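Read the structure below first, then the notes.
The values are calculated or read from the model by the stated rules, or taken from the named source; none is laboratory data. Computed from a predicted structure; not experimentally measured. Cβ placement follows ideal geometry from the backbone for every residue including glycine, while neighbour counts extend to all protein chains displayed.
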């Protein structure tokens, strides 16, 4: 049996068809409800208007940086330290009573901001300081560990002009410790802005663009701010691109 | 109501157009999103978001062309974003010294056909882009050119990714690829 004539392709067709048709037997009322709820007049703002809003936000951020105007840092962060992988693993085991087990992500729920904050039990920071940031969705969930400990997390999805910004906030059970990183990939670096430290990850296709920024606040919440900008022409995956540095800095400083 | 009228309704901001397009395209889109993400709740998120994107960006849709392929492109890109977002979330857990458990989808757990279960498991192991290409090629039975148009990739990229995906699947499945659905060996 040659590769061209083996049973792989019919097997794939049958397995995928069976899987998809059993998993999705018909329309899902939740989809219709969410689409109709989301199709509000506000959501219909024209692309041009959103572009203008984005341009104004970027210009404002650049002017502030150029003139040295003091933009209050949105948050104060713990220092970021690089530690050997073994030390990193050892700390994890100590924190979880000798367990090296994994945390399980619990199913997340879409909710309102106040409800998400109540469930999380910590102050959820929002992009209040970013002009034109439109909160699209709030999701709250948690992570459970083998030792039974549970830590809450909140995910905020924003639209800022043509760019989507996702802010994931997860409580660290050890709020007073630095954010430990087991080494840095070539496209990662640590920046100090306004006395706070941030881990920047750059786009692999265009190092001038930022894909995400991670940090841990002094009250013990780990942030991952992810950017989904317009598609980069060098990226063959067809996926979104990053954002320029000023935009990323404006976003993390706009958190409060 | 025709699809063309429904699209025109959308351009005018009328929700009746959305109702029609959802009735026509929702199930197919859910199945594609489900096959790519492997999670029913994620598939619902993907399709709801894709309809909203279509609604907001209908001005970019070229009149007179079929809505389905344009919408499917939004769905697949959105599904790929969901996978990337989930990987980013895992990076946050990694920074906390954690790793998430990938609990298998309930349907994979109850799949009684052992060979088919292994096939689904092997598809799940593919890189997201390859999984998307395999889904369009074998779930929707699209030819390579249509897959390329839907995903916005050059045809050569589609060929390469499908070839790589099939090689990986053959490698993982071994002798299983010569079994038929009933578990009998193919001649």
* Test: residue in the range A:137-160 that is at pLDDT 85 or above, touching a helix residue (DSSP H, G or I) at 6+ places or on another chain (Cβ under 9 Å), crowded, with 20+ Cβ neighbours inside 10 Å and not in a strand (DSSP E or B) -> no
* Structure fact -> Filter the range B:1-26 for residues that are at the interface with chain A (Cβ under 9 Å from one of its Cβ atoms) and surrounded by fewer than 19 Cβ atoms within 10 Å (Cβ to Cβ); the one that is farthest from residue A:32 (Cα to Cα) is B:13
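Look at the range B:21-55 and say how many of its residues are outside any loop (DSSP other than H, G, I, E, B) and over 18 Å from residue A:29 (Cβ atoms). Steps first, please.
Within the range B:21-55, the first condition is being outside any loop (DSSP other than H, G, I, E, B), and the residues that meet it are B:21-37, B:40-55.
Next cut, over 18 Å from residue A:29 (Cβ atoms) only: B:32, B:35-37, B:53-55.
Qualifying residue count, the range B:21-55: 7.
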* Does any residue of the range B:3-20 turn out to be at pLDDT 85 or above, part of a helix (DSSP H, G or I) and closer than 15 Å to residue A:24 by Cα? -> no
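Does the range B:16-47 hold any residues that are over 21 Å from residue B:142 (Cβ atoms) and over 14 Å from the mean Cα position of the chain (by Cα), and which are they? Steps first, answer last, please.
Initial filter on the range B:16-47 (over 21 Å from residue B:142 (Cβ atoms)): B:16-20, B:22-23, B:39-42, B:44-45.
Selection gives B:16, B:17, B:18, B:19, B:20, B:22, B:23.
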* **Tally of residues being in a helix (DSSP H, G or I) and under 20 Å from residue B:6 (Cβ atoms) across the range B:66-81** => 9
* To do: State whether the residues of the range A:193-207 include one that is in contact with a strand residue (DSSP E or B) (Cβ under 6 Å, 6 or more places away or on another chain), surrounded by 22 or more Cβ atoms within 10 Å (Cβ to Cβ), away from chain B (no Cβ under 11 Å) and under 30 Å from residue B:155 (Cβ atoms).
  => no
